[in-house]
Amino acid sequence: MILAIETSCDDTCAAVLGGDRLLANVVSSQAEFHARYGGVVPEVASRHHLLLVNQVVDAALADAGIGLGDCDRVAVTTHPGLIGALLVGVATAKSLAAGTGAELVPVDHLHGHVAANFLGEHPAAPPFVCLVASGGHTSLLHAADYADYRLLGRTLDDAAGEALDKGARLLGLGYPGGAELDRLAAGGDPGRYDFPVGLRERGNLDFSFSGVKTALHYHLRDAGREAIERNLADIAASYQAAVVEALVEKTIAAAGAAKCDRVCISGGVSANSFLRRRLREECRRAGIDLHMPPPELCTDNAAMIASAARLLPGIPYPRYLELGAGGAV
Ligand code: KG4
Ligand code: ZN
């Protein structure tokens, strides 16, 4: 029985995994508190995690119908993320583990995103190529085994989620913009405007999203208010399509380069409906087996941290008391 805690950014999350059954998955979003600033304010995030973390853990235990003493392991995200936010989760996990005698399992947030694919009735099995696309990261990994990952490509500037959020902001949408852009784009024509797809040359598995963002900026500057309002859905759909095409093309190319016929996706951007549709189409065309976690397991959650923890060694008391947060990606 694993209790997992995730506080790396602006969602306060706790989950309970019993064997391979997900018994609880609680996510408390702080988005409304950050919306007025147009982005996550690290200090505000840390303070809200402090207020929410115990309630979220209690809710997860209640949903699972277990007590704290039933947990053999407490897993927690230790990196990468906002340092103050991570520290709230790490301190909470240490205290709960110390109080119950459970082992503590430190988990890499990105490993967690990949491990979201190991949950559910039809879990993915390695080897596979995984696209990790979130607000802070965009990478392509080859998973030779459950915890053996090799980096194939990554963004050289913005993350895909960052590009979508910034684009949404330029279009006057709320924060966080990715999901709102997804909704607006659903009613627009993705082929209406030609926004650039970064680093498109053959064999290049890295991403760049700074060009598409600049292109949107100039498009909006030159278009005029009335035309922007009239064509907003088409602009949103075309902009989102340029970001999505880069993700899809490079994911398919990475599967080819790694000689791998299975693809998984993870990270908040993989909740995007257009990305999911385009990947389905292109994977079918290329004869690739595609595995997609449900959208609620793509965005930040603690179920994925519990899933990763199943595969990792635990640290017994009192060695984990030394554990901090942060560290290499
Ligand atoms: O994985 P995540 O929840 O947190 C990080 O680790 O960053 O990813 C958050 C990112 C944000 O940029 C958010 O706008 C984006 O995922 N996102 C979406 C959608 N839902 C969340 N982007 C596009 N379409 C969505 N439906
Ligand atoms: Zn994440």
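Leaving out ligands, DNA and RNA, and with a 1.4 Å probe, what % of the accessible surface on the chain is carbon or sulfur?
Its accessible area is 51 percent carbon and sulfur atoms.
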If you take all C-alpha pairs in the stretch 125-292, what percent of them are over 21 Å apart? 43
Within-15-Å neighbourhood charge of Glu322 [Cβ basis; K, R +1; D, E -1]: +1
Put +1 on the Cβ of each Lys and Arg and -1 on the Cβ of each Asp and Glu in the stretch 125-292; which of Tyr239, Ala159, Leu279 then has its Cα farthest toward the positive end of the dipole? Leu279
Compute the Cα gyration tensor for the stretch 52-105, then decide on rounded, prolate or oblate, letting a ≥ b ≥ c be the square roots of its eigenvalues: rounded whenever a/c is under 1.5, prolate when a/b is larger than b/c in the other cases, and oblate in all that remain. oblate
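Can you give the local net charge around Asp63? Use residues other than it whose beta-carbon is closer than 15 angstrom to its beta-carbon, Lys and Arg +1, Asp and Glu -1.
Details: positive: Arg21; negative: Asp58, Asp70, Glu296.
Result for the neighbourhood of Asp63: -2.
Which peptide among 69-82, 145-158, 5-18 comes first, and what is the full order, when sorted by highest mean count of other Cβ atoms within 10 Å?
Working: 69-82: 22.2, 145-158: 16.0, 5-18: 27.6.
For the peptides 69-82, 145-158, 5-18, the packing ranking is 5-18, 69-82, 145-158.
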To the nearest Å², the heavy-atom accessible area per residue of the stretch 209-311 with 1.4 Å probe amounts to 40
Under 24 Å between alpha carbons, and skipping anything fewer than 8 positions from Lys213 in its own chain: which lysines qualify? Lys166, Lys250
Gyration tensor verdict on the stretch 140-219 (Cα atoms; rounded if a/c is under 1.5, prolate if a/b is larger than b/c, oblate otherwise): prolate
List the relative contact order of the stretch 44-170 as a percent without decimals, with contacts defined as Cα pairs under 8 Å and 6+ residues apart. 16
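Around Asn231, what is the net charge, scoring Lys/Arg as +1 and Asp/Glu as -1 over all other residues with Cβ under 14 Å from its Cβ?
On the way: positive: Arg192, Arg225, Arg230; negative: Asp189, Asp194, Asp222, Glu226, Glu229, Asp234.
Around Asn231, the charge tally is -3.
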Note to self: with every protein chain in place and a 1.4 Å probe, the stretch 1-154 gives an accessible area per residue in Å² of 39
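Using Cα pairs under 8 angstrom and six or more residues apart, how large is the relative contact order of the chain, in percent?
Values: 738 pairs, mean separation 79.1, N = 329.
Relative contact order of the chain: 24 percent.
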Output the peptides 125-134, 182-191, 258-267 sorted from most to least packed, where packing is the average of other Cβ atoms within 10 Å over each peptide's residues. 125-134, 258-267, 182-191
Pick from Pro294, Pro176, Pro106: which residue has the top mean-square fluctuation in a GNM of the chain where Cα pairs under 10 Å get a spring? Pro294
Determine the relative contact order of the stretch 125-292: mean sequence separation of Cα pairs under 8 Å and six or more apart, normalised by residue count, in whole percent. 29
Using θ = phi - 60° and Karplus 6.51 cos²θ - 1.76 cosθ + 1.60, couplings along the stretch 282-295 (whole Hz; Gly, Pro as x): 6, 5, 4, 4, 8, x, 9, 7, 9, 10, 10, x, x, x
Computed over the chain: longest principal axis from alpha-carbon atoms vs helix 160-170 long axis, angle to nearest 10 degrees, is 60
Computed [θ] at 222 nm, deg cm²/dmol, the chain (DSSP H ≥ 4; -39,500 (n - 2.57); rounded to nearest 500): -13500 deg cm²/dmol
Tilt, helix 210-223 to longest principal axis of the chain (alpha-carbon atoms), in degrees rounded to tens, equals 50
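The values are calculated or read from the model by the stated rules, or taken from the named source; none is laboratory data. From a predicted model like this one, the values you see are computed outputs, not experimental measurements. Reconstructed Cβ throughout: ideal geometry from the backbone, glycine too, with neighbour counts over all protein chains shown. SASA here: full protein model, heavy atoms, side chains in, ligands and nucleic acids out. Shrake-Rupley method; radii C 1.70, N 1.55, O 1.52, S 1.80 Å.
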